[in-house]
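Written below as structure tokens is the structure these notes are about.
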Amino acid sequence: MLHVGELLVPGIILGVLGILLIGIAHFWPQSTKPVITAVSPVETVHLGANPSPSSWNQTGPVAFMSHSITWPALVDPDAGELDEGERRRVLDGLGIVGDAWCAGILSKAFDEEEGELRVAAIESLGQCDAEIVEPTLERAYSSYVVAERYAAIDGASRRADIPLLERALRDTDGTVALAAAYGLHRAKRDDLIDSALAHRTDPRATEIRRVLQILT
């Protein structure tokens, strides 16, 4: 009984504290947000793989286009792969022959080659006589490369292609415009040159007049 009397006061105190805590918990504002108990990853990455940085921003498969040179097979099906020097010699030879068969091959070579060989194809094509020559020269003149435009105008001069020469007389490059003027003079169409330069006083027009005076 003595021990019970000693525990009575602490028990009363603990009971009062319990009642107070229950009341506080009952009137305490509760959050409406759900309690997060687990997290599931939206995207997983295999740790064993080491993707390259270039593949992080890829949205689909990457296609690699291979550039192939097929025109030598039209000359000889058994020619195999020719290096640039060998292809250049073939292009020059086709220009020397200069018939319709050669023109068809040179037109295809112009579409497949790049750089100096592309220019060489146009130079040889300008020496050929075939229906395909004129439209191919017009395509070559539409190039952004000055050397290709110059080769096209040189071929047009050989063929006396007046419309293309008259068009090139207004070319943005002086050498191409001068070559066009020479082609028109060669075709005895100085009247077209005079008409195009009638009201021009720029250095390019002056240079064309000076060169034509030397030629005449």
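Before moving on, here are some points about what is shown:
- Filter result for Asp171 (buried (at least 16 other Cβ atoms within 10 Å of the Cβ) and in the same structural domain as Lys188 (by TED's automatic domain parsing)): yes
- Filter result for Glu114 (in the same structural domain as Tyr144 (by TED's automatic domain parsing) and out of contact with any helix residue (DSSP H, G or I) (no Cβ under 9 Å at 6 or more places or on another chain)): yes
- Restricting attention to region 176-212 and to residues that are of a type outside the set (A, V, I, L, M) and either in contact with a helix residue (DSSP H, G or I) (Cβ under 8 Å, 6 or more places away or on another chain) or crowded, with 19+ Cβ neighbours inside 10 Å (or both), the residue that is nearest to Ser157 (Cα to Cα) turns out to be Gly183.
- Here the helices (runs of 4 or more DSSP H) wholly within region 120-216 that include at least 1 residues being touching a residue at least 12 places away in the same chain (Cβ under 8 Å) and under 28 Å from the mean Cα position of the chain (by Cα) are 133-141, 146-159, 162-168, 174-186.
- Given (1) farther than 20 Å from Glu207 by Cβ; (2) in contact with a Leu (Cβ under 8 Å, 6 or more places away or on another chain), index of the condition Ala160 fails: (2)
- Unique residue being closer than 19 Å to Val211 by Cβ and touching an Asp or Glu at 6+ places or on another chain (Cβ under 6 Å) when the list is Leu165, Leu169, Leu192: Leu192
The values are calculated or read from the model by the stated rules, or taken from the named source; none is laboratory data. Treat the numbers as computed from the prediction; the structure is a model and nothing was measured. Positions of Cβ are generated from backbone atoms using ideal geometry, with glycine treated the same way; all protein chains shown enter the neighbour counts.
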